[in-house]
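See structure below.
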Amino acid sequence: MASFKYVVKDRSGKTSQGFIEAANMGEAAAKLRQDNYFIVQLGPADKESAVLTKSAKQQTQENSVRGKVNLKDKIFFTKQFYVMLRAGMGMIVCLNNLYEQTENLYLRHIITEIRKDVESGVPLSTALAKFPKVFNGMFVNMIEAGEASGKLDLSLQRLNDFFEREYNLKKKIIGALIYPAIICVVAVAVVIILLTFVVPTFVNIFADSGAQLPGITRALVMVSDILRNYWYLLMVFVIGLGLVYKVMGNNPKGREKLDQFWINFPQVGDLIEKVVISRFARTLATLLDSGVPLLQSLEIVQRAVSNAVIARGIRHAATSVNQGTGLARPLLESGVFPVMVPQMVAIGEDTGDINHMLEEVADYYDKEVSYALENLTAMFEPLIIVGLGGVVAFIVAAIMLPMFDISTGATLR
């Protein structure tokens, strides 16, 4: 048996606190509810200071921290939350335990603020909505639907499943692209070293000979001089290019042009399209399965897909659905979705099981993403190696031609 400290309220609203012996926290909570108490706080007696109170130093640290809540943090939050709710723990107890268990200081601060709102009678969805950068429209609407249906734990479980799939997809993409990225970095580093350290050494030899250099060698020397003497201009160019890209990305029309460019880019566009369609189908299925209305779901998905071209197609579909049409036809008419997507949606509308059809679409495109990644890496690796080999061959040829002439005593042309 373990000892737990509790803070409870009775039916009259009177607050009391004390200790209770139980095998685990779930049993302790059950005992208190049997006595008609509303649990405000509950935690192990030896950790009461961590659960029930905070030092002034800790409070200041949490309130001053600003950071990010990544996908792994959200997976932890939703999984722990729905497990505790399913075990029968009260909302405040769940939030206290989440606060104690999370290592992200910013998330701890957010949980503290959410707990204050919930304790004052604010619905959980409203409390979450105060942090839109952490809990987006999809998260808040699914929690609201769960509260309305009395199945909050189920909504949290669906969110957890969604985030886990997103995390696994992200890991798959990053893992597949790491090797080509490393090859690219090594290739660029090798070329820079050759041009800035190796080539100048031979240039001095050629200068001492007083001979005229071939055109290929003069071109190499010019590139080497630019890289060594005007590298800062190249840096300014790269940074300027990045700023232009960022400015275009922040403008709706510019963003759509950039997204259209990447979708049309060979091989890369195919991968991007499959990832975005998978996210569209998975997000819409998750929202509809939680009871969020179709129009509201489409509005949320439009912001979640992170691609202006696909978002335009979703807006077109939402406008048509608002006018009383089904979803399949406007998806097809938008021209941005592969034919399979509206066909599967049409089957779902006919059978009354659109959620399941959207899940099937998402699963299909998740597999297609794997195939597209394999094709992309299979294409990139030899291209990078051949490209690096060509550059090195050019440098070697530009150096060896005059060296050969010097060694044979020939007149350089």
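The values are calculated or read from the model by the stated rules, or taken from the named source; none is laboratory data. Note that this is a predicted model, so its numbers are computed, not measured. In this analysis, Cβ positions are derived from the backbone assuming ideal geometry, glycine residues included, and neighbour counts consider all displayed protein chains.
Outside any helix (DSSP H, G or I) and among the aromatic types (F, W, Y): does that describe F162? Spelling it out, it is not the case that F162 is outside any helix (DSSP H, G or I) and among the aromatic types (F, W, Y).
Scanning the range 169-218 for residues that are within 44 Å of the chain's Cα centre (by Cα) and small (G, A, S) yields G175, A176, A181, A187, A189.
Look at D270 and say whether it is out of contact with any Cys (no Cβ under 7 Å at 6 or more places or on another chain), without any contact (Cβ under 8 Å) to a residue 60 or more places away in the chain and more than 21 Å from F163 (Cα to Cα). Taking the combined requirement at face value, the residue does not satisfy it. The residue pairs whose first member lies in the range 389-400 and is over 12 Å from L194 (Cβ atoms), whose second member is buried (at least 16 other Cβ atoms within 10 Å of the Cβ) and polar (S, T, N, Q), and whose beta carbons are closer than 9 Å, counting only pairs six or more residues apart or on different chains, are A397/T217. For E256, the requirement of being in contact with a Pro (Cβ under 9 Å, 6 or more places away or on another chain), of a type outside the set (A, V, I, L, M) and either in the same structural domain as L383 (by TED's automatic domain parsing) or surrounded by 15 or more Cβ atoms within 10 Å (Cβ to Cβ) (or both) is not met. A count restricted to the range 209-268 and to residues that are assigned to a helix (DSSP H, G or I), over 15 Å from T196 (Cα atoms) and in contact with a Phe, Trp or Tyr (Cβ under 8 Å, 6 or more places away or on another chain) stands at 3. Determine whether the range 61-70 contains at least one residue that is modelled with pLDDT of 75 or more and surrounded by fewer than 14 Cβ atoms within 10 Å (Cβ to Cβ). Yes, the range 61-70 contains a residue that is modelled with pLDDT of 75 or more and surrounded by fewer than 14 Cβ atoms within 10 Å (Cβ to Cβ).
Can you confirm whether V396 is in the same structural domain as V191 (by TED's automatic domain parsing), within 28 Å of the chain's Cα centre (by Cα) and either loosely packed, with under 15 Cβ neighbours inside 10 Å or at pLDDT 90 or above (or both)? In short, no. Applying the condition of being of a type in the set (S, T, N, Q) and free of Cβ contacts under 8 Å to residues at least 60 places away in the same chain to the range 190-240 and asking which residue is surrounded by the most Cβ atoms within 10 Å (Cβ to Cβ) yields S224.
Among the residues of the range 128-171, the ones that are loosely packed, with under 15 Cβ neighbours inside 10 Å and within 30 Å of L376 (Cβ to Cβ) come to 3 in all.
Going through the range 83-111 one residue at a time, which ones are closer than 18 Å to N136 by Cβ and in a helix (DSSP H, G or I)? Residues satisfying the conditions are Y106, L107, I110, I111. Restricting attention to the range 81-130, which residues are of a type in the set (D, E, K, R) and under 24 Å from the mean Cα position of the chain (by Cα)? Scanning the range 81-130 gives E103, R108, K130.
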